[in-house]
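Read the structure below first, then the notes.
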Amino acid sequence: MKLPINILYIFILLLSVQSFAGQQENFNIPKEKEPLEVSVKLRINKIYNINSVHETYQIDGYFVYSWKNEHAISYLKDSTANTVVFENDKARKLMNSELWVPAFELINVQGSRERSNISIEIYSDGTIEYEERFFATCSTNMDFTKFPFDSQSYKVIIESFSYGNEKIVLKNPKLFLEEDENDYLGEDWKFINSDAHVVTKEYKYMDEKVNSKKNLYSRVIFEVKAKRLSGYYKWQVLFPLLIIILASFSIFWIKEFGSQIGVGFTLMLTVVAFNFYSASILPRLPYNTFIEYVIIVGYVFIFLGILAVIINHRINGIEDEGDKLPLLKYFRYGFPIAYTIIMIVLYISLIM
């Protein structure tokens, strides 16, 4: 008995759909009840082009993701080795055709990250290891309160792009660094410590339900903490500024009123120049840094010095005779002592 031609076409179409669905199993995330666990490793080759004004830095490193997928074992059937490796174009072709590889995004990247090389290694137990060499410009909020004696944390934050905690959970993050911190931090920074940990990020727009699990995403934060080497700022900025402020106290040793005012205003303008310099190496901040406090204190003491000699001139006149108040003699020692005390308090409160 011959089947009607329409029924035959439908039967062939159903077989094709089933066959295509079978081939597509590898395209999608494995449908286990438990979420897929993906371990993440980051190796940092270098942190460079650290820009304090824009609060950015560039990262050169490697990401390595690994997870298990039993379907991947089929790639070793025709191989006597325990692993099989696909690189670059072959890896991209594999990802575009048969093998599902989860997508991860760099949360704190500016622009897009560049992937120079990628590889996929499949092991005999079904473990898949995806590795990529990347270059990226990252950003994070920096605290400059103690500048130039500050420490900063350089972070790399990774998160699954499409799947929340119900489907993908990141685990076992590991961060690898070179033994010599100068190889990846440069000459301006000193390594303090590093850390890698998993957190759960809650979004509000994935699902309208407030407590929905679809709003929860697994996130890994890699962090390298480094201290700024402040030698340049000590000797090229703070030390000259200290000399200028101490020089401003010399007006109390000058008897001629016009010279006192001239020296005072000249040194005030010099401190203004230091203020412009500090503004050029830092972003516009809603708070003051240590170096700015030093400049502000310098402004205040130079202004008070000018005000003091004016008051002395009004009270004693040009000549400081013995029967008049010896204000300048008090100012000669009172101003340096007060300045020293304030700077010690400032250093202890902000730096220590």
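Here are a few things to note about the model shown:
- Whenever a residue of segment 46-66 is within 18 Å of residue 112 (Cα to Cα) and open to solvent by less than 50 Å² (accessible area, probe 1.4 Å), its partners that are assigned to a loop (DSSP other than H, G, I, E, B) and aliphatic (A, V, I, L, M), lying with C-beta atoms within less than 6 angstrom and at least six residues away or across chains, give the pairs 55/142.
- All conditions but one from (1) surrounded by fewer than 18 Cβ atoms within 10 Å (Cβ to Cβ); (2) within 50 Å of the chain's Cα centre (by Cα) apply to residue 317; the one that does not is (2).
- Some residue of segment 69-83 being among the polar types (S, T, N, Q) and at pLDDT below 80: yes
- Segment 162-176, residues that are over 19 Å from residue 68 (Cβ atoms) and modelled with pLDDT of 90 or more: 175, 176
- Of everything listed in (1) open to solvent by 20 Å² or more (accessible area, probe 1.4 Å); (2) touching a helix residue (DSSP H, G or I) at 6+ places or on another chain (Cβ under 7 Å), the single unmet condition for residue 127 is (2).
- Qualifying residue in segment 202-210 (condition: more than 30 Å from residue 326 (Cα to Cα) and either in a strand (DSSP E or B) or at pLDDT 90 or above (or both)): yes
- Selection over segment 292-311 of residues that are free of Cβ contacts under 8 Å to residues at least 40 places away in the same chain and hydrophobic (A, V, I, L, M, F, W, C) gives a count of 6.
- Residue in segment 223-231 that is under 30 Å from residue 163 (Cα atoms) and either assigned to a helix (DSSP H, G or I) or in contact with a Lys or Arg (Cβ under 6 Å, 6 or more places away or on another chain) (or both) present: yes
- Residues of segment 101-124 satisfying the condition of being open to solvent by 20 Å² or more (accessible area, probe 1.4 Å), over 20 Å from the mean Cα position of the chain (by Cα) and hydrophobic (A, V, I, L, M, F, W, C): 101, 103
Residue by residue, here is whether (1) within 25 Å of the chain's Cα centre (by Cα); (2) farther than 21 Å from residue 336 by Cα; (3) buried (at least 19 other Cβ atoms within 10 Å of the Cβ); (4) not polar (S, T, N, Q) holds:
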| position | (1), (2), (3), (4) |
| --- | --- |
| 226 | yes, yes, yes, yes |
| 231 | yes, yes, no, yes |
| 255 | no, no, no, yes |
| 260 | no, no, yes, no |
| 293 | yes, no, no, yes |
| 307 | no, no, no, yes |
| 313 | no, no, no, yes |
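- Unmet requirement for residue 335, which otherwise passes all of (1) under 30 Å from residue 56 (Cα atoms); (2) touching a helix residue (DSSP H, G or I) at 6+ places or on another chain (Cβ under 6 Å): (1)
The values are calculated or read from the model by the stated rules, or taken from the named source; none is laboratory data. Owing to the predicted nature of the structure, the values given are computational and were not obtained by experimental measurement. Here the Cβ is made from the backbone with ideal geometry for all residues, glycine too, and neighbour counts use every protein chain on show. The area values use the complete protein model at the heavy-atom level, side chains included, leaving out ligands, DNA and RNA. Shrake-Rupley method; radii C 1.70, N 1.55, O 1.52, S 1.80 Å.
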